[in-house]
1. In degrees, nearest 10, range 0 to 90: what is the angle between the Cα axis of helix 197-215 and the longest Cα principal axis of the chain?
2. Leaving out ligands, DNA and RNA but keeping every protein chain, what accessible area does L82 have, in Å² rounded to the nearest 10, with a 1.4 Å probe?
3. GNM, the chain, Cα, under 10 Å: largest mean-square fluctuation among R94, R39, R104?
4. Please figure out what share of the DSSP beta bridges in the chain is antiparallel and state it in percent, rounded to the nearest 5.
5. Per the helix-only calculation at 222 nm, which mean residue ellipticity applies to the chain, given -39500 (n - 2.57) for every DSSP H run of n ≥ 4 and division by its residues, nearest 500 deg cm²/dmol?
6. At 1.4 Å probe radius, can you tell me the per residue accessible area of the chain in Å²?
7. Just the number, please: Stokes-Einstein D of the stretch 182-247 in µm²/s, Kirkwood Rh from C-alpha pairs, 20 °C, 1.002 mPa s.
8. Going from most exposed to least, what order do H197, H207 have by accessible area with a 1.4 Å probe?
Amino acid sequence: MEFYILTIFPDLIRCYTEFGIVRQAIKKGKVKVEAVDIRKFAPKGQVDDTAYGGFPGMVLKPEPIFSAYESLLEKNRKPYVLITEPWGRRIDQRFVEELTQKERVAIICGRYEGVDERVKSIVDEEVSIGDVVLSGGELVALTLVDAVSRLLPGVLSEPMSIEEDSFRNRWIGYPVYTRPREFREMKVPEVLLSGNHRLIELWKLWHRIENTLRKRPDLIPEELTPEEEDILESIRRGMSFEEWLESKSLS
Ligand code: SAH
C-alpha cells in the first residue's frame, strides 16, 4: 500500500516513519510512505497567502498543492485523496479497515487557517482525528499510516493480536500484566499464573466486559451471547470475577 503525504513539513513524516511498526512495515515492503514537499511545487517557495475577505491568518495556496498532486498522477494511477479537516469524517477502526482496501492513498495536510477551498475539487473525503483543533494535518496523516500499517498482513509478528484489539473485538481490551508478579504490594491476578487456558479466557472476557461497561458503555454490543449476558448482569450486580467463578463451580 502506498501513502503520499502532501505537506509543508515533510521531515515530520520522515521522523515518525523511522520507528516501530511503521518502520517494520516499510522495511518489509508492505507499505510505502512518501512525504511530498508542497514547497517544492511552489514558485519561489511561497505556499501560503493572506485570506480573502480579511480573515485573520494565512491560507495554503491551491497551485502548489495541485502541482504536487498532479506529479503523483504522472507516475501512478489516481490515488484515493484525503484532506485533513477538523470537521471531517472521524477516524475510527472501521475507516482504517476500509482504507486497507485501497492501493494508493494521498493525504493533503492543512496548516495555518486551512487550505484554499478549491483544493476540495481533487479530494474524495475529509478526515478528522476528533473534535479538537491541531495546528496541522501531519499527526492525522501519520495516525492513518500507523493504524493501517499494523493491519496489513505480514506486518505484525503476532497477527492474532489484531483480532484481540479493541474495536475489532466485540469488547474493548482487558488489563495486561508482566513481571514482576508482585510490585509494591500489587499482585498479578492468580488466574493469569494458573496456566488454565479456559479460566484465562473467561478472565479476559470478564474484564473486557467490565472495562466496556465502566469506560465505554456506548460500545456494549446489541446482541449478546448467553455467557456475555450472564457476565454483564453479574458485574452489574456487583459480583467479582472470583465470586462468579465460584457460583459456577468453576474455581
Ligand atoms: N481554521 C480552522 C482550523 C485550522 S487548523 C478551523 O476553524 O477549524 C490547521 C489545519 O490543521 C487544518 O486545516 C487541518 O488540515 C488540520 N487540523 C486541525 N485540527 C484537525 C483535526 N481535528 N482533524 C484533522 N485535521 C485537523
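The values are calculated or read from the model by the stated rules, or taken from the named source; none is laboratory data. Keep in mind that this is a model prediction, so the values were computed, not measured. Neighbour counts are summed over all protein chains in view; Cβ atoms, including those assigned to glycine, are modelled from backbone coordinates with ideal geometry. Side chains are part of the model used for accessible areas, which takes the heavy atoms of the whole protein and leaves out ligands, DNA and RNA. Shrake-Rupley method; radii C 1.70, N 1.55, O 1.52, S 1.80 Å.
1. 60
2. About 0 Å², ignoring ligands and nucleic acids.
3. R94
4. So the antiparallel bridges amount to about 20 percent of the total.
5. Details: 10 runs with 94 residues, N = 251.
My calculation for the chain gives -10500 deg cm²/dmol from helical runs alone.
6. Numbers: 14980 Å² over 251 residues.
Spelled out: the 1.4 Å probe surface of the chain, per residue, equals 60 Å².
7. Details: Rh = 13.0 Å.
The Stokes-Einstein estimate is 165 µm²/s.
8. Working: H197 140, H207 35 Å².
Solvent-accessible surface, decreasing: H197, H207.
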